[in-house]
1. Run residue 85 past the list (1) loosely packed, with under 13 Cβ neighbours inside 10 Å; (2) in a helix (DSSP H, G or I) and report the number of the one that doesn't hold.
2. Among the residues of region 67-76, are any modelled with pLDDT under 75 and either touching a helix residue (DSSP H, G or I) at 6+ places or on another chain (Cβ under 6 Å) or not in a helix (DSSP H, G or I) (or both)?
3. Please work out which one of (1) more than 26 Å from residue 151 (Cβ to Cβ); (2) modelled with pLDDT under 90; (3) surrounded by 14 or more Cβ atoms within 10 Å (Cβ to Cβ) is the condition residue 101 fails and give its number.
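The values are calculated or read from the model by the stated rules, or taken from the named source; none is laboratory data. No experiment lies behind these values; they were computed from the predicted model shown. With ideal geometry, Cβ positions are generated from the backbone for all residues, glycine too; neighbour counts draw on all protein chains shown.
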């Protein structure tokens, strides 16, 4: 019985190590995305014609920066290395196109996080809590951007 217990113990440790690597990969990817998006939102805000939209994009950029800081702390806490940053903002043809790019980014992140959350919950509840908060903020950002798109072009409802 001792040999069997030892084998199971080794398998559990190996599985836990694999999960840790999966979670770190997710956190690093999300960290880079948050940094990229904060840069992109600031860039788009600088070019935004409407001051109320500019302010909303700047608030979203600040939230993305806070998320990146929180993710950085979780990566370090789990023993990972912070990835190098080299993102460039995507530039749309006009304000409407830039908002659409921002909406696509928020939507993609939402789907990615929602899909990965169950795996993270099994590994580390603290990291799962952080990701749930980020997911909720991404949902709010999506709504804000959809609202801006709708106010700038009532026909935009099809892409929301």
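1. In the conditions (1) loosely packed, with under 13 Cβ neighbours inside 10 Å; (2) in a helix (DSSP H, G or I), residue 85 misses (2) alone.
2. no
3. Unmet for residue 101, out of (1) more than 26 Å from residue 151 (Cβ to Cβ); (2) modelled with pLDDT under 90; (3) surrounded by 14 or more Cβ atoms within 10 Å (Cβ to Cβ): (1).
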